[in-house]
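Derivation of every value follows stated rules applied to the coordinates shown; laboratory data play no part. Everything numeric here is computed off the predicted structure, so don't read it as measured data. With ideal geometry, Cβ positions are generated from the backbone for all residues, glycine too; neighbour counts draw on all protein chains shown.
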Amino acid sequence: MNFKELLLCRQSDRKYEDKAVEKEKLEACLEAARLSPSACNSQPWTFVVAQDEEVVQKMRKAQMTNIPQDAR
């Protein structure tokens with residue numbers, strides 16, 4: 001598949017099932033992200049995976065407190 005074919009077959013999903021993602025799939029996604037190129041190979045990313053709903057809500061709240069009110 002070339003790049004143009006990839007662009008033509010991509011999709012954006014807006015509905016999600018309310019079920020946990022399998023550990024193997026999470027690990028595969030994280031590995032793909034970790035191996036992604038970065039400028040000067042700086043690898044400036046940090047990944048956080050939370051599956052407990054209470055933790056997710058706390059993370060969401062903490063993240064929203066760092067966004068200026070006019071940008072929300």
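Pairs meeting the criteria (first residue in the stretch 29-48 and touching a residue at least 12 places away in the same chain (Cβ under 8 Å), second residue assigned to a helix (DSSP H, G or I), beta carbons under 6 Å, at least 6 apart or on different chains) are Phe47/Leu30. If you go through the stretch 1-37 and pick out every residue that is exposed (fewer than 10 other Cβ atoms within 10 Å of the Cβ) and outside any helix (DSSP H, G or I), you end up with 17.
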